[in-house]
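What follows is a single structure, written as structure tokens, with notes after it.
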Amino acid sequence: MASDITRVWEVGTRFVLSLLILTILLGLAGGVAKTFLDLRLLFSDNVEVALRQVLVDTLTLLAVVEVLKTTLAYSSEGRVRVTFIIDTVLVVMLTEVISRWFTDKEWHQFAILGGILLTLGLLRIVAIRYSPAPPTPTQQTNQPGLSFS
């Protein structure tokens, strides 16, 4: 009985994740189309405004790619890695910092966003350094030269 419920749960989760992945891919394709269409602003608006819009659109698409990467990792491994979540939030926060930069907001908003980015960066370092999973061969060869052993 318990294995039947587990099997239904796994099949249902895979189905819902497949729908989510399809939705993300469609959203990504729509975002690319919108970014491409925003290039027409180069001819009708100020070049700076047009390039700013394309840059923010592109950074937003990169955040969507990170969400897709996290979803695919959960789909294949059955769990979400903390580093994937932190990477996603970092990309979203960097997009926010850049979009705020262009709107000339007050310095304290930059300080707050900078503090959040610094905290997330430190969390990512700690999550990688003290991960319970054994390091993969690529992680071992890509480690920086610092060693505390």
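The values are calculated or read from the model by the stated rules, or taken from the named source; none is laboratory data. Worth saying up front: this structure is predicted, and the values here are computed from it rather than measured. Neighbour counts are summed over all protein chains in view; Cβ atoms, including those assigned to glycine, are modelled from backbone coordinates with ideal geometry.
Test Ala127 against the stated conditions and say whether it is closer than 30 Å to Glu48 by Cβ, among the hydrophobic types (A, V, I, L, M, F, W, C), out of contact with any Leu (no Cβ under 9 Å at 6 or more places or on another chain) and modelled with pLDDT under 85. Explain how you work it out, then say what you get.
Working: closer than 30 Å to Glu48 by Cβ: no; among the hydrophobic types (A, V, I, L, M, F, W, C): yes; out of contact with any Leu (no Cβ under 9 Å at 6 or more places or on another chain): yes; modelled with pLDDT under 85: yes.
No: the conditions fail for Ala127.
Could you look through segment 88-108, keep only residues that are of a type in the set (S, T, N, Q) and part of a helix (DSSP H, G or I), and pick out the one that is surrounded by the fewest Cβ atoms within 10 Å (Cβ to Cβ)?
Among those residues, the one meeting the criterion is Ser99.
More than 30 Å from Val11 (Cβ to Cβ), out of contact with any strand residue (DSSP E or B) (no Cβ under 9 Å at 6 or more places or on another chain), surrounded by fewer than 16 Cβ atoms within 10 Å (Cβ to Cβ) and modelled with pLDDT of 85 or more: is that true of Gly121 in this structure?
On the way: more than 30 Å from Val11 (Cβ to Cβ): yes; out of contact with any strand residue (DSSP E or B) (no Cβ under 9 Å at 6 or more places or on another chain): yes; surrounded by fewer than 16 Cβ atoms within 10 Å (Cβ to Cβ): yes; modelled with pLDDT of 85 or more: yes.
Criteria met by Gly121.
Could you grab me the full set of residues in segment 15-72 that are touching a Leu at 6+ places or on another chain (Cβ under 7 Å) and loosely packed, with under 11 Cβ neighbours inside 10 Å?
Matches in segment 15-72: none.
Every residue in segment 45-87 that is in a helix (DSSP H, G or I), over 10 Å from the mean Cα position of the chain (by Cα) and small (Gly, Ala, Ser), please.
Residues satisfying the conditions are Ala50, Ala73, Ser75, Ser76.
Quick check: anything in segment 34-44 assigned to a helix (DSSP H, G or I), under 25 Å from Arg124 (Cβ atoms) and in contact (Cβ under 8 Å) with a residue 24 or more places away in the chain?
Kept after step one, since they are assigned to a helix (DSSP H, G or I), are these residues of segment 34-44: 34-38, 41-44.
After this cut, where a residue has to be under 25 Å from Arg124 (Cβ atoms) as well, the list is none.
The answer is no; no qualifying residue exists.
Does segment 74-87 hold any residues that are among the aliphatic types (A, V, I, L, M) and surrounded by fewer than 16 Cβ atoms within 10 Å (Cβ to Cβ), and which are they? First the steps, then the outcome.
Kept after step one, since they are among the aliphatic types (A, V, I, L, M), are these residues of segment 74-87: 80, 82, 85-86.
Listed by number, the residues that qualify are Val80, Val82.
Of all residues in segment 5-58 being among the hydroxyl-bearing types (Ser, Thr, Tyr) and under 19 Å from Ser99 (Cβ atoms), which is modelled with the highest pLDDT?
This residue is Thr35.
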